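**Student:** Below are the C-alpha cells for one structure; questions will follow.
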Amino acid sequence: MEYNHLTIEKKWQKYWADNSLFTTNENPRKKYYDLVMFAYPSGDIHMGHCKNYVIGDVIARYKRRNGFDVLHPFGWDAFGLPAENRAIEIGLHPRKWTLENIRISDESLKMLGISYDWQREIITCLPDYYKWTQWMFLLMYKRGLAYKKEAYVNWCPGCQTVLANEQVIDGHCYRSNCKSLIERRKLNQWFFKITDYAERLLNDLDKLSGWPERVKQMQRNWIGRSEGTNIIFPVKNSNIKLEVFTTRADTIFGVTFISIAPENPLLEQLIKGSKYENKVRAYILEASRKSIVEREEKEKDGVFTGIYALNPINGSEVPIFVADYVLVEYGSGVVMGVPAHDTRDFQFALKYRLPIKVVIRPESGDIDPENMADAFVDYGIMINSEQFNGLTSAEGIKAITEYLQNKGLGGRAVNYKIKDWLISRQRYWGAPIPIIYCDKCGIVPVPEGSLPVLLPEDIKDYIPKGKSPLGAVPEFINTTCPNCSGPAKRDPDTMDTFVCSSWYFLRYLDPKNDNEFCSKANAQKWLPIDQYIGGIEHATGHLIYFRFFTKVLYDAGYIPYDEPATNLFTQGMVLRNGEVMSKSKGNAVPVGPFVEKYGADVARLTILFAAPPERDMEWSDEGVTGAQRFIDRVYRIVMENRERVVNKPSVPPQNDIQKKLYVKINQTIVRVTDDLENFKFNTAIAALWELLNELYQYKERDEFFGYGIYAIVNLLSPFAPHLADELWTNIGNKGSLVSADWLSCDSDYLTEDKMVVVLQVNGKVRGHIEVAPNTDEEKIKSFALADERIRRHTDNKQIKKIIYVPGKLINVVI
RNA sequence: GCCGAGAUGGCGGAACUGGGAGACGCGGCGGACUCAAAAUCCGCAGUGCUGAAAGGCGCGUGGGGGUUCAACUCCCCCUCUCGGCACCA
C-alpha cells in the first residue's frame, strides 16, 4: 500500500482552504497569538527558511487542538536593499521582482501545509501598509522621538547608503553579500531617539521570563549601561569647561593628561589661535579619513593641543591631547588619562612620555611605579590621594563623586552604549520619510490626512549613487508646504526597513483597517504575542526595535501592553555540508521540487526530528530517508488495520500483554504532549516512533492495538498534518483533525504493575529484580541480599549500609 | 579582554530533581522473503579482555581533581568549539 503524497497532500490543503480552517476567529475567547518572524522575499524559498515556519505551524496546530483561538499570520518584509540590489542586477523594477517572488514563495508555503490565515497576509511595500509606517514616523516626530541632526554616521560604500549602528558588524556592512568596510561621514540625517528608552528597555528585560536568557544578555550588552561619575576639568586661561565621564573616580589623583575625540565640537573654540592649531587640524583631518576599523587597529596616538586643563580635585595642570581612540559618541567625548590604571592610557603615556602616577595599590602588596609593565586596572586601595588615602576603590568612587558634587564639579552619571537609531536611507526601495522642507516654515511634517506619501513607481534611475534617487524625481521632490502653501521639497530619503518590521505584528491584528494602523479593540483582543519565533540574529536589532516601538505606542495610549511578546523562541539554522543553507552557496534545497518528490510531511519531519529546534541542524539525505520510512510505516500499519481501530478501549486491559501496550500508549500521549509544550519536537517524534515499533511487535489484533493506531494518527497531526488527516478519515472519522480535541491519556494506566529495582554494589550495577509496586523496603532489601549476583560481591565483606531509592534501586555499600 | 552557550558511539541525537549512559533515527552487520536486486519484515551492535556459549570482569559522556553510597548531571582547575560585546573611558 503506497502513500501517494502528491494527491493526498493537495487534497488536504484544498480541504483546509475550502473549509477556512485556519481563518482567525474575530472574537476569540481563548486567544493565542503565534507569530513567526516574517520574511524577506529573496527568491525561491528553501528548506533553510522553512524551519521557522514549520516550528510555528506545529505550535499553531497543537494550540488549535487545545481549544485556543489561534492567530497565525504571515507576511513579507518587502522593502529594502537586497530586493533592490537583485532587481538592479537583473534589470527588473524592484516592485515587480518583489511581488513576483512573494507570489512564488506563498505557493511554496502553501505546499508545505503551513496553517496561516492568508487573508491577513501583509506586504510592507504596498501603500496600504507603508502609509502606517509613515504614520509611525509622524508619531515619533510628534513625541519628540524623531529628530534630524548632523552627525558622524556609518556609510556603506557598497550599498551607497548610511546604516544604523545595529547594521555594522565588526566595522563592516551587515548584509552578507556586501560586507563592505564602513566609512564615517558627517551627514544630516533622521534619528529615532531610542536612547530615551534605554533604561526601560534594559529594566523590562527582567519582566520577560519567557525569553531566552541568551537574548536578554545580548540586549543588556548592547544597551551597555555603565554607572560612573561626570567630572568637570576647567581649561587653563579659558572659561571652557571639559566634562569627562569615568567609572573610576577613585583614580582621579592619577590623571596626567586629558584626551578629546577629534570630532568633538568643543575642539574648534579650544584650539582656535593656539600654538599647535595647524598640527591639530591636520590630525583631525587625517582621523576623519580613517575607517572605524583602521582607527581601532592602529597604535593609539594623538597630538598635543598646547592647552592645559586643571584637575578639579587638586588643581594640578594636565596637558590636553586630541586622540582618535576617544569616541565622540560615548560619554562626553572627552576622557581623563590615568596611565597607571588604564591599559590604553598606559600605552599612550609611554608613547608621549607622560608621567605615570600610581594612586591605587593592590589589597595586598605594592606597585613599583618605576617598573610597571602594564597598568594596574583592578580595584584596590587608594594611595597618593590626600585625604582619600586608604579607601577601597568602591568607597573612593563614592567619596570622590560626593566631594565633587558638593563643589559643583561633577556628579553621578549613567552612560549607555546604545545609540540613537539612524533611519534615513539614501535608497529608492523604501517608505519615503513623510517630511517636507519649506524655506519659510522649515521642517514640516506631512499631515496625517495626506498619507501615504507614495513612492513614485515610474522612476528612470533608481540605481544608488550615494544620493537618494528620489531627489532626482521632480514630480516627487517638488511639493507645496502644508503650512504656507509655498513651494517646498520633500525629504528624498526612505526609511530603514527595520522601521517597517518594528510594528508589523500589530498590522496583522487589523490588516484591512484604513483609519488606524490597528483598532484599539483588536489590539486589546490579541496582544501580546504569546509565542514569537525567529532567528537569533535579530537579538540586538529587530528584537530591540520592536520592543522600543511597542513602548512608544503604549506611552501614546494606542496599545495596552509595553512589551510585545511574552515568549520568544530562537530556532537554530539549517546547515548543509557544514554551511548555512543559501542559494548563493549552492547548497540550498528548494521547497518546490523537494515537496513534489518526497512530500511536505517528509520535509516537516526531517526538519523536526533531526535536532532540537533551538540548535543548528545539518540537513542530510539520510534524515530524509528516515522521515520517509516513518511515514510509510505509519501509513501501512494504519491502512492494513483500519477496520480494527477504536477511539477508546471498551474494557480495561485483561492481561499483562494488553496492559503493557495500553500503558505504552498512555505514556506516549503524555510524552508527546509534554514535549510539545516544551519545544522538544525531536523527542516527541521519537516517542511516536517507539509506539509505532511496539505496535509492529504486537501480535494480537485486539482493541488495544486498535487504540494504539488511533493514538498515533491523532498525535501525529501537528507534525505531519496531511498524513494524519488522510488516515483520520480512513479510520472512520469525518473531516479533519485540525480542530479536533487533543488526545488525553488514561491516567490510571501510566505505569505497569511491577517495578524493576536496580541492584548495585558500591554504585555498580550488578543486576535487577522485579517486584510488586508496593513491596516494602525490608522485603526488597532481603531479596537483594539474597540475590546471587549481589552475594558474589558481598560474601566475606562487611556491609556498611544499604541505600534504597524507592521504586528505583538498591545500593549495597561494602 | 568581558559575557554567554556547548563538547555523549561511525553519524544526528536521548537521559526526570544526582539513581540502569547511549532512547529514537541514520549508517553498518546478520537473517527471512526473492531466480536476483530493491523495498519490506525480523534480529545484532559503545569498547577492551575472557568464555564454545550463556555469561563474567574492566573501561567509558573533552582533560585533570573533588563532593557523594552513587556524577553526563553538583563544585574547582584546564583544553577546545560556537555566539555576543569590545578603544565604552
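The values are calculated or read from the model by the stated rules, or taken from the named source; none is laboratory data. What you are looking at is a predicted structure, and each value in this text was computed from that prediction instead of being measured. We place every Cβ from the backbone using ideal geometry, glycine too, and count neighbours over all the protein chains shown. The accessibility values were calculated without ligands, DNA or RNA, using every heavy atom of the protein model including side chains. Shrake-Rupley method; radii C 1.70, N 1.55, O 1.52, S 1.80 Å.
**Student:** For region A:553-598, what log10 I(q)/I(0) values come out of the Debye formula at q = 0.13, 0.16, 0.25 1/Å, with one point per alpha carbon and no solvent?
**Tutor:** -0.59, -0.65, -0.96
**Student:** For a test of the definition: using alpha carbon positions, the gyration tensor, and the 1.5 limit on a/c, classify region A:537-655 as rounded, prolate or oblate.
**Tutor:** On the way: a/c = 3.15, a/b = 1.47, b/c = 2.15.
Oblate.
**Student:** So, one more: List the trypsin sites (Lys or Arg not before Pro) within region A:224-263 that DSSP assigns to loop and that have no more than 16 neighbouring Cβ atoms inside 10 Å.
**Tutor:** On the way: sites: A:225, A:236, A:241, A:248; in loops: A:225, A:236, A:248.
Passing sites in region A:224-263 are A:225, A:236.
**Student:** Now a separate question. So what is the relative contact order of region A:21-117, in percent, for Cα pairs below 8 Å that sit 6 or more residues apart?
**Tutor:** Working: 108 pairs, mean separation 40.4, N = 97.
With pairs under 8 Å counted, the relative contact order is 42 percent.
**Student:** Further question: Using r as the Cβ-Cβ distance of residue A:625 and residue A:789, and R0 as 60 Å, what FRET efficiency do you calculate, to the nearest 0.05?
**Tutor:** Working: r = 42 Å, r/R0 = 0.69.
The value I calculate is 0.90.
**Student:** Need the full-extension length gain, residue A:670 to residue A:484, defined as separation in residues times 0.36 nm minus the C-alpha distance. One decimal, nm.
**Tutor:** Numbers: separation 186, 0.36 × 186 = 66.96 nm, distance 7.02 nm.
Computed gain between residue A:670 and residue A:484 is 59.9 nm.
**Student:** Hey, another quick one. Which Cα, out of A:399, A:591, A:790, lies furthest along the positive dipole direction of chain A (beta carbon charges, K/R +1, D/E -1)?
**Tutor:** A:399
**Student:** Report the local net charge at residue A:3: Lys and Arg +1, Asp and Glu -1, summed over other residues whose C-beta lies under 15 Å from its C-beta.
**Tutor:** Numbers: positive: A:10, A:11, A:597, A:604, A:629, A:633, A:636, A:642; negative: A:2, A:9, A:596, A:601, A:632, A:640, A:725, A:726.
The answer is 0.
**Student:** So what's the net charge close to residue A:395: Lys and Arg +1, Asp and Glu -1, counting the other residues with Cβ under 14 Å from its Cβ? Display every interim value, and only then the final one.
**Tutor:** On the way: positive: A:248, A:398; negative: A:250, A:363, A:402.
Surrounding charge for residue A:395 is -1.
**Student:** Give the relative contact order (percent, whole number) for region A:162-301; include only Cα pairs under 8 Å separated by 6+ residues.
**Tutor:** Value for region A:162-301: 23 percent.
**Student:** Just to confirm the filter: which GluC sites (Glu not before Pro) across region A:269-322 are DSSP coil and have at most 15 other Cβ within 10 angstrom of their Cβ?
**Tutor:** Numbers: sites: A:277, A:286, A:294, A:296, A:297, A:299, A:317; in loops: A:299.
Answer by residue number: A:299.
**Student:** Sticking to Cα atoms, compute the Rg of chain A to one decimal and its Dmax as the biggest Cα-Cα distance, whole number, in Å.
**Tutor:** 33.9, 109
**Student:** Still on this structure, I have one more. For region A:656-814, what is the accessible area per residue in Å² when the probe is 1.4 Å?
**Tutor:** Values: 7720 Å² over 159 residues.
On a per-residue basis, region A:656-814 sits at 49 Å².
**Student:** Are any of the pairs A:149/A:551; A:781/A:801; A:216/A:525; A:764/A:808 more than 21 Å apart by Cα-Cα distance, and if so, which?
**Tutor:** Values: A:149/A:551 23 Å; A:781/A:801 11 Å; A:216/A:525 27 Å; A:764/A:808 14 Å.
Where the Cα-Cα span goes over 21 Å, the pairs concerned are A:149/A:551; A:216/A:525.
**Student:** Follow-up question, since we're still on this one. With an 8 Å cut-off on Cα pairs and a minimum separation of 6 or more residues, tell me the relative contact order of region A:77-198 in percent.
**Tutor:** Numbers: 114 pairs, mean separation 26.0, N = 122.
Reported as a whole number, the value is 21 percent.
**Student:** When DSSP assigns beta bridges and you keep just the ones with both residues in chain A, what percent turn out antiparallel, to the nearest 5?
**Tutor:** Numbers: 72 of 96 bridges.
Approximately 75 percent, going by the DSSP bridge assignments.
**Student:** Note down the net charge around residue A:586, summing +1 for each Lys or Arg and -1 for each Asp or Glu among other residues with Cβ under 10 Å from its Cβ. Working shown, then result.
**Tutor:** On the way: positive: A:576, A:583, A:585; negative: A:579.
Result for the neighbourhood of residue A:586: +2.
**Student:** Further, regarding this structure: Calculate the dipole size of region A:722-799 relative to its Cα centre from +1 charges on Lys and Arg beta carbons and -1 charges on Asp and Glu beta carbons; express the result in debye to the nearest 20.
**Tutor:** Working: 10 positive and 14 negative charges, 144 e Å.
For region A:722-799, the charge dipole is close to 700 debye.
**Student:** Of A:11/A:51; A:110/A:648; A:30/A:207; A:186/A:298, which pairs sit farther than 28 Å apart, going by alpha carbon to alpha carbon? Can you show the working numbers first?
**Tutor:** Numbers: A:11/A:51 23 Å; A:110/A:648 34 Å; A:30/A:207 23 Å; A:186/A:298 22 Å.
Too far apart for the 28 Å limit: A:110/A:648.
**Student:** Roughly how many whole Å is it from the C-alpha centroid of region A:167-236 to that of region A:608-638?
**Tutor:** When both Cα centres are located, 41 Å separates them.
**Student:** What trypsin sites (Lys or Arg not before Pro) in region A:291-335 are in a loop by DSSP, with at most 11 other Cβ atoms within 10 Å of the Cβ? Intermediate results must be reported in sequence, preceding the final value.
**Tutor:** Details: sites: A:295, A:298, A:300; in loops: A:298, A:300.
Passing sites in region A:291-335 are A:298.
**Student:** Suppose every K and R has +1 on its Cβ and every D and E has -1 on its Cβ; what is the size of the dipole of chain A about the Cα centre, in Debye to the nearest 20? Please report the intermediate quantities before stating the final value.
**Tutor:** Numbers: 102 positive and 104 negative charges, 104 e Å.
For this selection, approximately 500 debye.
**Student:** Taking only protein heavy atoms and a 1.4 Å probe, what accessible area per residue, in Å², does region A:451-555 have with all protein chains in place?
**Tutor:** Values: 3970 Å² over 105 residues.
So region A:451-555 comes to 38 Å² accessible per residue, rounded to a whole number.
**Student:** Taking the Cα centroid of region A:355-414 and of region A:750-807, what is the distance between the two, rounded to the nearest whole Å?
**Tutor:** Measuring centre to centre over Cα atoms gives 65 Å.
**Student:** For chain A, which whole-number percentage of the solvent-accessible area (1.4 Å probe, protein heavy atoms only) is attributable to carbon and sulfur atoms? All intermediate terms of the calculation are to be shown ahead of the outcome.
**Tutor:** On the way: 17260 of 35790 Å².
C and S atoms contribute 48 percent here.
**Student:** Follow-up question, since we're still on this one. Full extension from residue A:14 to residue A:221: what is 0.36 nm times the residue separation minus their Cα-Cα distance, to one decimal in nm?
**Tutor:** On the way: separation 207, 0.36 × 207 = 74.52 nm, distance 4.79 nm.
Here the segment from residue A:14 to residue A:221 would lengthen by 69.7 nm.
**Student:** Please list A:5, A:72 in order of solvent-accessible area, largest first, computed with a 1.4 Å probe with all protein chains present.
**Tutor:** Values: A:5 30, A:72 0 Å².
From most exposed to least exposed: A:5, A:72.
**Student:** FRET efficiency for residue A:615 and residue A:577, Cβ-Cβ distance as r, R0 = 25 Å, nearest 0.05? The partial results should precede the final answer.
**Tutor:** Details: r = 17 Å, r/R0 = 0.70.
Approximately 0.90, to the nearest 0.05.
**Student:** Now for a different question. Skipping prolines and chain starts, which residues have an amide H placed within reach, meaning under 5 Å, of the one on residue A:518, given they are 5 or more residues away or on another chain?
**Tutor:** none
**Student:** Something else now. Taking R0 as 22 Å, what's the FRET efficiency between residue A:751 and residue A:777 from their Cβ-Cβ distance, rounded to 0.05?
**Tutor:** For residue A:751 and residue A:777, the calculated efficiency is 0.70.
**Student:** How much length is gained if the chain between residue A:561 and residue A:650 is pulled fully straight, taking 0.36 nm per residue apart and subtracting their Cα-Cα distance, in nm to one decimal?
**Tutor:** On the way: separation 89, 0.36 × 89 = 32.04 nm, distance 4.96 nm.
Going from the current span to full extension adds 27.1 nm.
**Student:** When the solvent-accessible surface of protein heavy atoms is calculated with a 1.4 angstrom probe, in what order do A:7, A:540 fall, highest first?
**Tutor:** Working: A:7 85, A:540 35 Å².
Greatest to least solvent exposure: A:7, A:540.
**Student:** May I ask you to evaluate 6.51 cos²θ - 1.76 cosθ + 1.60, the Karplus curve with θ = phi - 60°, for each residue of region A:788-797 and list the ³J(HN,Hα) values in order in whole Hz, giving x for glycine and proline?
**Tutor:** 4, 5, 7, 4, 3, 9, 9, 4, 6, 10
**Student:** Can you list residues from other chains, or at least 5 along the same chain, whose modelled amide H is less than 5 Å from the amide H of residue A:233?
**Tutor:** A:242, A:243, A:244
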